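The values are calculated or read from the model by the stated rules, or taken from the named source; none is laboratory data. Since we're looking at a predicted model, the values are computed, not measured. Ideal geometry is used to build each Cβ from the backbone, glycine not excepted, and the neighbour counts take in all protein chains shown.
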Amino acid sequence: MSHQPPDLHRALLRPPILHLLRAAGFHSTKPSVLDTLTNLAERHLLLLAATTARYADLNHNDPVPTVTDLRMALAECGSLIPVESATEEVWREELRVPLPEMERKAASGGLLMGGGGGGEARVRAEKRKRDEQDVRDVVGFTGWFEGREHAEARR
């Protein structure tokens, strides 16, 4: 066995794979199965890292990725499935009123809620709704990951 970094990284990836298998209820495995799963995990991590770096370079010409870069890479690699299709997202953006315009209408009194209240509350509610929509897929992913199914894997 050579002592090159890929071999070291592969060897360091084996214990987490074993831990995940044990958490999923598998108490033994063949070495070939473990090697295959480790190889798949290694390839997926390399793909995710390369895609994140590519998005960091494309989005802001910086080698340090942001959360947005990682989110886009997760979606491209199939780890994070968007809640809406691209078409639905485009139509939603086309049809909704821009926030600065809503704020102007609220300030002038032209944006009133059904009960005759101020438009500022509606603008705040719309901002909160849009913020929740922007991170809905990430919240769903973290909820799935932190759920009951993965309690043993996180142990």
Pairs with Cβ under 7 Å, 6+ apart, first in the range 46-70 and closer than 17 Å to L80 by Cβ, second acidic (D, E) and surrounded by 14 or more Cβ atoms within 10 Å (Cβ to Cβ): T51/E76; T52/D69; Y55/D69; A56/D69; N59/D69
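Per-residue answers, yes or no, for (1) exposed (fewer than 14 other Cβ atoms within 10 Å of the Cβ); (2) of a type outside the set (S, T, N, Q); (3) at pLDDT below 90:
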site	(1), (2), (3)
L13	no, yes, no
L18	no, yes, no
V33	yes, yes, no
T36	yes, no, no
N59	yes, no, no
E94	yes, yes, yes
Which numbered condition G109 misses (of (1) surrounded by fewer than 12 Cβ atoms within 10 Å (Cβ to Cβ); (2) of a type outside the set (F, W, Y); (3) at pLDDT 80 or above): (3)
Listing of helices (runs of 4 or more DSSP H) fully contained in the range 1-110 that carry 1 or more residues being touching a Leu at 6+ places or on another chain (Cβ under 7 Å), over 20 Å from F141 (Cα atoms) and not assigned by TED's automatic domain parsing to the domain that holds V138: 5-23, 31-60
